[in-house]
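Written below as structure tokens is the structure these notes are about.
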């Protein structure tokens, strides 16, 4: 779907900032989230979880729980489909343990009872006999000789000979000869970096309501970023036909990647099947932390060579990521994103996917990329400092542009990195003087963006209003963006378009709302569905006028005769055609199904000022500017909202957030008290600059914006803190104690 | 488990019901009263999604037993707009200034901001940020929430001056 050059100028609705269609429901408390659904006869589920990091399950005694009169069913692994393989088996293992509990919080059984309190009581009465096994929760320790083997047969064919069985996947990419490149450098710096696992931290815990009958037909309501993947996965895990399970996405209280898979949904379905009653499960916050997907923790080595004039001669990185007890840590994304902003003759990157006794990682906003940027952009900052070079000028000198061969293979199409760097350089923030004790950091960031299977239907109502059905749950204001694009094409006011996130029975397959794909892919399909509708509208007008349909144009919400017939008939408004559609050929419905190509990659540059308290080691982010290429901003306020939200999450990741495991392998901080996400008083206003370098792969030039915004912050903040403290910070988070220690090491105190 | 009688006023209506003493106020409001606007995000009073107003103070209803609300005047998000549906200026400002994304924290955030502006009708930006620091939002970076509360404060002071 190529860029439609005729549309680039003269937008009427695109680029405006209307109120969101879900706004009223959300400010009045009417919006229905995962936990807000009820059904007659509903039971409440609760899950029994392992207190051990690694243990063989010797037996499960459910008799005391079942003796409670409120308890209607208990399920274990035996209640799910046998014989699964591949990722379905991994997901089932994660949803309900088989022979072994693989991490603290791993589900081992579940109960359904008539009240939520009784279900919790009953879960405590399920007695599980464990044989405790040695565990490992650190990525480097898990790779060492003698580390406990977590799953003996988890490695795939990519792993080189001689690696520990906990190394389950391997990636290598690049081009040129890095040794040659390093030999050309005036200065080569190599550093080791680590980052801790962080959680997406959506405020809405996972919640669902499931109904599954003895006939194998079911309904599932859940908080999810993708209800078709939930349908497909639940059907596999329960041995159902996919079409027999209808899944409806509730209003979603945040996801950020963490709601792209299933956790409690198959369990609620199994309990419902066993009781023939609807079953609701709502996770507690500690369950969310212990048993849903955080991001990977990392151990990274990056080496970069630079000439005195700022030319980067070579880049090399080794990226080790643990993704919990299952394969899937996004180490290839870390490796591929690491040097993506730069035009390098010699580049080489290696990734290791390592399993540990931790929960199965899930996607978190540009999975893998923020850590890569932290390591690479920190080394570039150090090179600039030591060579006395301006960090933005160095990035401009080496920055990727159209035609550059990317560090992981492809040749870039039209991209906007240079434009973000120029806008950052010219922003007043970059030349503003720093206050005493402050440091400034900059960083670039990159994310691929994704397209995915997409299906959209647009139906005209008799009064000329429009019903648009999309299959991508609205996680960032996408109903507003879709309505804007449909209104733009059809020439109708924005508020005449009602956008619904349809259930799995009402549309063709839709990929998850992830990969920053929704405004791009569902938007592209919406534009095409509107154009399909317009063809039909023009056809009805042509028939009425008795002229060739090709001789009818669509302008400003009306069919208009064109060519030899121009001016012959009065324009026919959409409402007039709609009012007669029953008598002129039937309902008018446009649709479009596609797996688009050309999602359009995205780059950003962030500038951060941070002050470090030399007494406490505490960091305060005092000024923050996000510059990012959006391709084309459909609803600029929501683009800015993504920029600010990504930066805020990055600030938390850089400064405070981390999974802390004890020597016993248990998560020490499964709550918002000790896992501290930023509160309002921690943050400054976050300035935003929207750069628009159109994506050649979308009719309006749209690029996804949701994920790239979290790629630069870890590095930009680390550079600001390092420059403020006068010491390079190589480990995240930069909690006060760690910064204080670094300051003391530097001054020899 | 045995149940006890609880009486309170919720959004101006007298409420009388039986509840297990260990029932949390948020569960009582959501499950017995069907007021699902206030949400549960953490059950440990950190996230503020469950914020309601109890006798003129913002409270985290996930850490209040229903018995502790005996005889109390409670206002939830459902009680903030006028009965004819006219939004309160705080609600209007959140909608107009895009003070929400996913909307899950919004009822608690608005209920808190509504009380904050009664406690301090002309807050500085810093006072707003500290005043809502018991309410977590993971989507917005708080920027448009702060902007919305500033706009609501201005709107309320204009309305008060006109009265």
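Of the conditions (1) within 13 Å of chain B (Cβ to nearest Cβ); (2) in contact with a helix residue (DSSP H, G or I) (Cβ under 8 Å, 6 or more places away or on another chain), residue A:634 clears all except one; give me its number.
Evaluating residue A:634 over (1) within 13 Å of chain B (Cβ to nearest Cβ); (2) in contact with a helix residue (DSSP H, G or I) (Cβ under 8 Å, 6 or more places away or on another chain) leaves (1) as the failure.
So which residues in the stretch A:58-96 are closer than 15 Å to residue A:126 by Cα and under 29 Å from the mean Cα position of the chain (by Cα), if there are any at all? Talk me through it step by step, then tell me what you get.
Of all residues in the stretch A:58-96, those closer than 15 Å to residue A:126 by Cα come to A:58-77, A:96.
Within the stretch A:58-96, just A:96 meets the criteria.
Within the stretch A:648-687, can you find the residues that are closer than 18 Å to residue B:138 by Cβ and in a strand (DSSP E or B)?
Selection gives A:686 alone.
Residue check: is residue A:410 more than 14 Å from chain B (Cβ to nearest Cβ), modelled with pLDDT of 95 or more and over 28 Å from the mean Cα position of the chain (by Cα)?
On the way: more than 14 Å from chain B (Cβ to nearest Cβ): yes; modelled with pLDDT of 95 or more: yes; over 28 Å from the mean Cα position of the chain (by Cα): no.
Criteria not met by residue A:410.
So which residues in the stretch B:94-116 are part of a loop (DSSP other than H, G, I, E, B) and either more than 7 Å from chain A (Cβ to nearest Cβ) or under 11 Å from the mean Cα position of the chain (by Cα) (or both)?
The first filter runs over the stretch B:94-116 and keeps only residues part of a loop (DSSP other than H, G, I, E, B), leaving B:97-105.
Across the stretch B:94-116, the qualifying residues are B:97, B:99, B:105.
If residue A:741 satisfies all but one of (1) at pLDDT 95 or above; (2) over 23 Å from residue A:376 (Cα atoms); (3) assigned to a loop (DSSP other than H, G, I, E, B), what's the number of the condition it fails?
It fails just one condition, (3).
Please give the number of the condition residue A:70 fails out of (1) without any contact (Cβ under 8 Å) to a residue 24 or more places away in the chain; (2) surrounded by fewer than 22 Cβ atoms within 10 Å (Cβ to Cβ); (3) under 25 Å from residue A:116 (Cβ atoms).
Result: residue A:70 passes all but (1).
Just need a number here: residues in the stretch B:117-140 that are within 11 Å of chain A (Cβ to nearest Cβ) and in a helix (DSSP H, G or I).
The initial filter retains those residues of the stretch B:117-140 that are within 11 Å of chain A (Cβ to nearest Cβ), namely B:125-140.
Still in the running and in a helix (DSSP H, G or I): B:125-131.
Result for the stretch B:117-140: 7.
Sort out for me the strands (runs of 3 or more DSSP E) sitting completely within the stretch A:208-310 that have 2 or more residues that are touching a residue at least 24 places away in the same chain (Cβ under 8 Å) and more than 14 Å from chain B (Cβ to nearest Cβ). Give the derivation first.
Working: elements: A:218-222, A:245-249, A:279-282, A:297-306.
Where strands (runs of 3 or more DSSP E) fall fully within the stretch A:208-310 and carry at least 2 residues being touching a residue at least 24 places away in the same chain (Cβ under 8 Å) and more than 14 Å from chain B (Cβ to nearest Cβ), they are A:218-222, A:245-249, A:297-306.
Looking at this structure, is residue B:91 at pLDDT 95 or above, crowded, with 23+ Cβ neighbours inside 10 Å, over 26 Å from residue A:647 (Cβ atoms) and facing chain A (nearest Cβ under 9 Å)?
On the way: at pLDDT 95 or above: yes; crowded, with 23+ Cβ neighbours inside 10 Å: yes; over 26 Å from residue A:647 (Cβ atoms): yes; facing chain A (nearest Cβ under 9 Å): yes.
Considered against the rule, which asks whether it is at pLDDT 95 or above, crowded, with 23+ Cβ neighbours inside 10 Å, over 26 Å from residue A:647 (Cβ atoms) and facing chain A (nearest Cβ under 9 Å), residue B:91 comes out as yes.
Quick test for you: out of A:566, A:575, A:604, A:610, pick the one residue that is modelled with pLDDT of 95 or more and over 30 Å from residue A:727 (Cα atoms). Explain how you work it out, then say what you get.
Details: A:566 fails: modelled with pLDDT of 95 or more; A:604 fails: over 30 Å from residue A:727 (Cα atoms); A:610 fails: over 30 Å from residue A:727 (Cα atoms).
The match here is A:575.
Is at least one residue of the stretch B:71-89 more than 24 Å from residue A:27 (Cβ to Cβ), outside the structural domain of residue B:154 (by TED's automatic domain parsing) and not in a strand (DSSP E or B)? Outline the logic, then answer.
Of the residues in the stretch B:71-89, the ones more than 24 Å from residue A:27 (Cβ to Cβ) are B:71-72.
Next cut, outside the structural domain of residue B:154 (by TED's automatic domain parsing) only: B:71-72.
This time we only want the ones that are not in a strand (DSSP E or B), so: B:71-72.
Taking every residue of the stretch B:71-89 in turn, at least one turns out to be more than 24 Å from residue A:27 (Cβ to Cβ), outside the structural domain of residue B:154 (by TED's automatic domain parsing) and not in a strand (DSSP E or B).
Considering only the stretch A:20-122, give the strands (runs of 3 or more DSSP E) lying wholly within it that have at least 3 residues that are closer than 21 Å to residue A:325 by Cα and in contact with a strand residue (DSSP E or B) (Cβ under 8 Å, 6 or more places away or on another chain). So that I can check it myself, show each step before the final result.
On the way: elements: A:43-49, A:55-61, A:71-75, A:107-113.
Once the strands (runs of 3 or more DSSP E) in the stretch A:20-122 are filtered for at least 3 residues that are closer than 21 Å to residue A:325 by Cα and in contact with a strand residue (DSSP E or B) (Cβ under 8 Å, 6 or more places away or on another chain), what remains is A:43-49, A:55-61, A:107-113.
Is it the case, given these coordinates, that residue A:690 is within 14 Å of chain B (Cβ to nearest Cβ) and modelled with pLDDT of 95 or more? Spell out how you get there, then give the answer.
On the way: within 14 Å of chain B (Cβ to nearest Cβ): no; modelled with pLDDT of 95 or more: yes.
No, not satisfied.
Tally up the residues in the stretch A:19-55 that are at the interface with chain B (Cβ under 10 Å from one of its Cβ atoms) and farther than 30 Å from residue A:122 by Cα, please.
The number of residues fulfilling the criteria is 12.
Hey, which of the strands (runs of 3 or more DSSP E) in the stretch A:417-532, taking only ones fully inside, have at least 3 residues that are within 21 Å of residue A:646 (Cα to Cα) and touching a residue at least 60 places away in the same chain (Cβ under 8 Å)?
On the way: elements: A:438-447, A:454-460, A:466-470, A:497-501.
It comes to A:438-447.
The values are calculated or read from the model by the stated rules, or taken from the named source; none is laboratory data. No experiment lies behind these values; they were computed from the predicted model shown. Cβ sites come from the backbone with ideal geometry, for glycine too, and all protein chains shown count toward neighbours.
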